[in-house]
Amino acid sequence: MNSGLIGAPPTQLGKDLDMRKSLLVVMSVSAVIVAGGAAAQTGMLLDFAADQMVQKFQKSSCAELKAQKNTPPTDKEKEAAEFLRNDAQARAVFVKKVAAPVLNKMFECGMIP
């Protein structure tokens, strides 16, 4: 605490405490907003990645998909896979979005028995 408050009149002490409470509330709300913004950005990135994967499977022919099956992943794909391995919640959202369209295409192409 500020040592100058020890001899301060009670009204000044009350104003100081109110100011500190207000500052704490503002800082807390700011932290929640920043965290929410980061979560929203992660959600947008997950949606984008999932949409890209679904589009890739929908637009590609079976021959193209079979040829790409043995292609090594790009650095970006490796980074995304590592992120999904380490974040179960993000992985669940991603899988929920891509599972049906990707598996349907794989069945159509005979890539899944």
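Below is a table of values for the structure above.
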read-out: Boolean, Phe94 is in contact with a Lys or Arg (Cβ under 9 Å, 6 or more places away or on another chain), at negative phi, surrounded by 12 or more Cβ atoms within 10 Å (Cβ to Cβ) and in a helix (DSSP H, G or I); value: no
read-out: Matching residues, the stretch 97-113, being in contact (Cβ under 8 Å) with a residue 24 or more places away in the chain and not in a helix (DSSP H, G or I); value: Cys109, Gly110, Met111
read-out: Scope the stretch 84-96; condition touching a residue at least 24 places away in the same chain (Cβ under 8 Å) and among the small types (Gly, Ala, Ser); matching residues; value: Ala90
read-out: Filter pass, Leu65 being of a type outside the set (Lys, Arg), modelled with pLDDT of 90 or more and not in a loop (DSSP other than H, G, I, E, B); value: no
read-out: Matching residues, the stretch 68-91, being in a helix (DSSP H, G or I) and within 18 Å of Val54 (Cα to Cα); value: Gln68, Lys76, Glu77, Lys78, Ala80, Ala81, Leu84, Ala90, Arg91
read-out: Scope the stretch 51-91; condition under 20 Å from Lys105 (Cα atoms), hydrophobic (A, V, I, L, M, F, W, C) and surrounded by 10 or more Cβ atoms within 10 Å (Cβ to Cβ); matching residues; value: Met53, Val54, Phe57, Cys62, Leu65, Ala67
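The values are calculated or read from the model by the stated rules, or taken from the named source; none is laboratory data. Bear in mind that the values here come from a model prediction, so they are computed numbers and not experimental data. Note that we place each Cβ from the backbone using ideal geometry, even for glycine, and neighbour counts take in every protein chain shown.
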